[in-house]
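FYI, it's all coordinate maths here, none of it is from the lab. Since we're looking at a predicted model, the values are computed, not measured. Reconstructed Cβ throughout: ideal geometry from the backbone, glycine too, with neighbour counts over all protein chains shown.
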Amino acid sequence: MTEIATDQVIDARGMACPGPLMSLIGAIRQSQVGTVIEVWSSDQGSATDIPAWVAKAHHDLIEVVEEDGFTRFRVRKAR
Amino acid sequence: MPAQVVVLGGGVGGTLTANLLARQLGRNLHVTVVDPTGMHVYQPGFLYAALGKANGRWLARDERTLLHRQVDLAVEAATRIDPDKGTVQLAHGGSLPFDYLVLATGARLIPDEIPGLVAGAHEFYSLQGALRLREALRGFRGGRVLVGVAGIPYKCPPAPVEFTLMVDQYLRRRGLRDKSQVTLLSPLSRAFTIESASKLIQPILTKRGIGLETFFNVEEVDPSAGTVRSLEGEAAAYDLLVLVPPHRGQAVIETSRLGDAGGWVPTDRHTLAHRDHERIFALGDATDLPLSKSGSTAHFEAPVVASRIASLLRGTAPKANYGGRVMCFLETGDGRATALRFDYEHPPVPPTPSRFWHAAKWAFNRLYWDTVPQGRIPERDLPVHDAKRRPA
């Protein structure tokens, strides 16, 4: 399987809710369709908010990876 | 020669910081407030002006009348800051040198960022906008009312919720509520940024028959079709659309390369110093701190900035630190309100809406001009909520 490259990383660690989600939304606004954006969040609310928003906005949640003290959300802009 | 402190911005934070510095250091210090209008505006009043509960006259005063007599006022726009030389360039020529600079520049509304917003939507984040909305409400005969925000961060986070709940009351009073649908458009998964406040607000919305559309991040307004479209791909039809315009930091911050991508000043959360420039401090709406952009935040930050600059000028170690303290009222309509008191470590536990908090907000509105800018309300007024406070 081919690894999907990340185009942009948003380090939102330390940001309180809704900072990480709003950073992702801001990046999606600015990017082209197909762009893969990775958000790093240490806020627990992101675990529900980011997947819920990605589903509502019809983008693709490629993967959610738990790291030491934070979570990486990889999202592809689908439209 | 006395030390020079320049304060950019004559709002709550700038005025209070300048007055506290003048009081603490007297003739050992020369403080200049630079403000492009020379008028101090009480922005929380716009909400009431829009709903016909206040006229515009009590919302603005000459900044000079609020400043300590030893503080100079320059009614000028600052165009560029040179942090290395320690100078502020002014729009009409000349510059001011500083030993310490306070950025109390606030936020700027940028409605043009959303296509169709200016032509299709109302706002109550400027006096002109609030008065125009008041006229639109007077002519309203029922229909679909949509209230939302067109970007985060924005000033006074409770305001859109307050307007929604108060416009519901306004329409009931005029006998138009049965002919109207009121809906709050939220960019988040809930009604309000703070979860505990959302848990209080959402049942009130339901009880009043007010709709809630979540994850609605405004992308575009089509005034001819009467629709607003979201980044998430949805569209909502309106007869009256009220949207908080997107905000950015001020142009002088951006042209001086002192801000982040949104024009907000990178600010240390405790010392309130610029993260790259130790002689520059920031407070209020201008910072990038994850707090409410509100006068309350600036009110609690100003004593910290003034105390730290006074210590540095005296050659002693600054001791004052900001703990993230904020206290906001939230009107829920029907003559009731609640209060949001929190800091970096303690989320708010809002009390049940009551007439007491509504009366407190009205008292604060009336007392503001003679208390807050002069520092007559101590910054340590009320505990956030002692019962929930962690042991030190």
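Structure values in brief
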item: Rounded to whole Hz, the Karplus (6.51, -1.76, 1.60) HN-Hα couplings of the range B:316-321, x for glycine and proline; result: 10, 6, x, 10, 5, 10
item: Histogram of C-alpha separations across the range B:1-160, 10 Å bin width, %; result: 10, 31, 29, 19, 9, 2, 0
item: Fewest-first ranking of B:Leu176, B:Leu117, using other Cβ atoms within 10 Å as the exposure measure; result: B:Leu176, B:Leu117
item: Computed label-point distance, nm, for sites B:Arg174 and B:Val75 using a 7 Å Cα→Cβ extension; result: 3.6
item: Euclidean distance between Cα centres, the range A:29-45 to the range B:21-55, Å; result: 39
item: Rounded, prolate or oblate (a/c below 1.5 giving rounded, otherwise prolate when a/b exceeds b/c) for the range B:110-243 by Cα gyration tensor; result: rounded
item: Derived scalar couplings ³J(HN,Hα) [the range B:73-80; Karplus, 6.51 cos²θ - 1.76 cosθ + 1.60; whole Hz; x for Gly, Pro]; result: 10, 10, 7, 7, 8, 7, 9, 7
item: Chain lengthening between B:Arg366 and B:Ala235 when straightened (0.36 nm per residue, less Cα-Cα); result: 43.1 nm
item: Phi to ³J(HN,Hα) by Karplus 6.51 cos²θ - 1.76 cosθ + 1.60 over the range B:338-347, Hz, x for Gly, Pro; result: 10, 9, 10, 10, 7, 8, 4, 9, 10, x
item: B:Gly143 long-range amide H proximity, modeled H, under 5 Å; result: B:Ser180, B:Gln181
item: Compactness of chain B as Cα Rg over 2.2 N^0.38 Å, two decimals; result: 1.00
item: Debye, to nearest 20: dipole size of the range A:8-76, +1 on Lys, Arg Cβ, -1 on Asp, Glu Cβ; result: 320
item: Rh (Kirkwood; distinct C-alpha pairs) - the protein assembly as shown, Å; result: 23.4
